[in-house]
Amino acid sequence: MGEKQLMKGNEAIAEAAIRAGMTCYFGYPITPQNEIPAYMAKHLTIRGGTFIQAESEIAAINMVYGAACTGARAMTSSSSPGISLKQEGISYLVGARLPAVIVNIARGGPGLGNIAPSQADYFQAVKGGGHGDYHMVVYTPETVQEAADLTMKAFDVADEYRNPVLILGDAILGQMMEPLVFKEPSGKKFDKSSWTLGNRKGRKSHLINSLSLTEGVVEQWNWELKKKFDLMAERELMVEEYMVEDADVIFVAYGTTARICRSVVHQTRKQGMKTGLIRPITVWPFPTETIAGHAEKTKHFFVVEMSLGQMIEDVRLAILGNAKIHFHGRPGGGIPAEADILKQLKAILQS
Amino acid sequence: MEHKIIFAGFGGQGVISMGTLMAYAAMAENKNVTFYPAYGIAMRGGTANCSVIISDDPVASPVIAFPNILVVMNEPSLDCFTDRLQEGGTLLANSSLIRKKAARKDIRSFYIPVNDIAEELGDSRMANMAMVGSLLKIMNTVTLSTVFQTMKKTFSPKLLKVIDINQEAMKKGFHAVQL
């Protein structure tokens, strides 16, 4: 066990990435994720890696593409408007079958919005964002400890499937400090020699791109990608079920709002109300089966998001009309208040 | 045990430092802790605040809607946050800069002249440390000696030479409160 440290979520993500063997980081400043590039600038270079403050977010994601081509573990991070700029690059990474880790410490939008926490990038994260048929595993940590753990895991998952992985946090996760202990990285080795670019002495040449104008080739690539996405969906799901067994109302929330809901669960359980929480830790793949299973006996599902309601669509698809769905959301940097959730919850229980 | 503390004041008064120090010290005592600053718009003379939750159990929500302890270093912060203090909660106000009293009767209030305490030591910048001392006495959760050890670990090297005066201010703040 390592030593317990107090760190900001942003710093924990940066340190975890370095420990996971990330050697190339490219970024462009934007609040509330600036501590990530700042940490990399200070720590990555002296530990043998490469840090570049790119001229733009688009440059940064394409530098990630370049570094990934060589087999290096590469990462970029940004916040909502910057992540929008990276979407083309993310689509290219999937198309070229390149592993990378992208971190979105989301802020209020649309547009330049503000610097407050938000979960309004859910659709962008799980429904595409960039063009073409693609998916990537999306992790939504709720604590600083989990942010570090999932960052380490993200690099393994990216390498295993040769696909980008997204860490979706919000300004609270990025800015808050909590104690954490860094776990040992898995140490898994991935043989990338069959596809990486670089010194080609003694081997045939490799080509990495996402373009083919020959009929049927891109379709074939897509069918191969689908096999990979199916495997990711089957094997990479992470979900926490908290006090759901006897629950009359189950909250569904991820990241920061899951913690707010957890507080409400604690309060209401003390008052004898049976509430529980399903917390997707991956929002892609989404815990459809988990939610569907509980919809057979729990009548009410209460979705809480820092948005106008995005994940609620996936909850609806899981429940398929078998239970009632309620929603509480705050857009544009608003943070759901426990008191408001509680008030709505009581109305549901009395209905 | 769970304390939900909001620290507030002018930028430059060391409000974030108070919260950070409490978070480090609570961690050193194996408490669960979450520190969350108001960020991004910090400047000297502007407003600054941060939240610290210290708990025996894992911290659920990191957001404090209603603190049970409120530490205010200036009058605008008193005006801004006092309404949010839980019933029966505790207010610590810097009476060197706050001339009025809180209007609420359902809270426990302590008025500590921390700027004056700091001036007596010859450095008004120690006001925040005096306030931390008062807070420690009132909270009775984290000990003065833990905080002293924490300071040694967390202060940057250039600040180590002022550690004594910081600790002196903290002791004075601690003893300034009568329970």
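Rule-based calculations on the coordinates, nothing more; no lab input. Note that the structure is predicted; figures quoted are calculated from it, not measured. A quick note on method: Cβ atoms are made from the backbone with ideal geometry, for glycine too, and the neighbour counts reach across all protein chains shown.
Structural remarks
- Taking the Cα centre of the stretch B:2-176 as origin and assigning +1 to Lys and Arg Cβ atoms and -1 to Asp and Glu Cβ atoms, the resulting dipole is close to 200 debye.
- Computed over the protein assembly as shown, the per-residue total of -39500 (n - 2.57) for DSSP H runs of n ≥ 4 gives a 222 nm mean residue ellipticity of -12000 deg cm²/dmol, rounded to 500.
- Compared with the dominant principal axis of the Cα atoms in chain A, helix A:144-161 is inclined by about 50°.
- Modelled spin labels at A:GLU88 and B:GLN149, positioned 7 Å past Cα toward Cβ, are 5.6 nm from each other.
- In terms of the mean number of neighbouring beta-carbon atoms within 10 Å, the peptides B:148-155, A:188-195 order highest first as B:148-155, A:188-195.
- Note on A:LYS227 and A:LYS192: the model spin-label points, each 7 Å out from Cα along the C-beta direction, lie 2.2 nm apart.
- Projecting label points 7 angstrom from Cα along Cα→Cβ for B:ASP164 and B:GLU2 puts them 4.3 nm apart.
- Across peptide A:338-347, the mean count of Cβ atoms from other chains lying within 10 Å of each residue's own Cβ comes to 1.
- Counting Cβ atoms of other protein chains within 10 Å of each Cβ in A:242-252 and taking the mean gives 0.
- Average beta-carbon neighbours from other chains, 10 Å sphere, peptide B:59-70: 6
- Global geometry of the protein assembly as shown, whether rounded, prolate or oblate, following the gyration tensor of its Cα atoms and the 1.5 cut on a/c: oblate
- Qualifying trypsin sites (Lys or Arg not before Pro) for the stretch B:57-143 [loop in DSSP, other Cβ within 10 Å: at most 11]: B:ARG99, B:LYS100, B:LYS105
- Cα-based helix-to-principal-axis angle, A:338-350 vs chain A, degrees rounded to 10: 50 degrees
- Between A:ASP170 and A:ALA106, the built amide H atoms are under 5 Å apart, and every one of these is 5 or more places off in sequence or on another chain.
- Protection proxy ranking for A:136-145, A:300-309, using the average of other Cβ atoms within 10 Å per residue and placing the highest first: A:136-145, A:300-309.
- By average C-beta atoms within 10 angstrom, highest first, the peptides A:261-272, A:13-24, A:217-228: A:13-24, A:261-272, A:217-228
- With Cα atoms, 0 to 90° folded angle of helix A:9-19 axis to chain A main axis: 40 degrees
- Spin-label proximity, B:LEU179 to the stretch B:136-158 - amide N less than 19 Å from point 7 Å beyond Cα toward beta carbon: B:136-148
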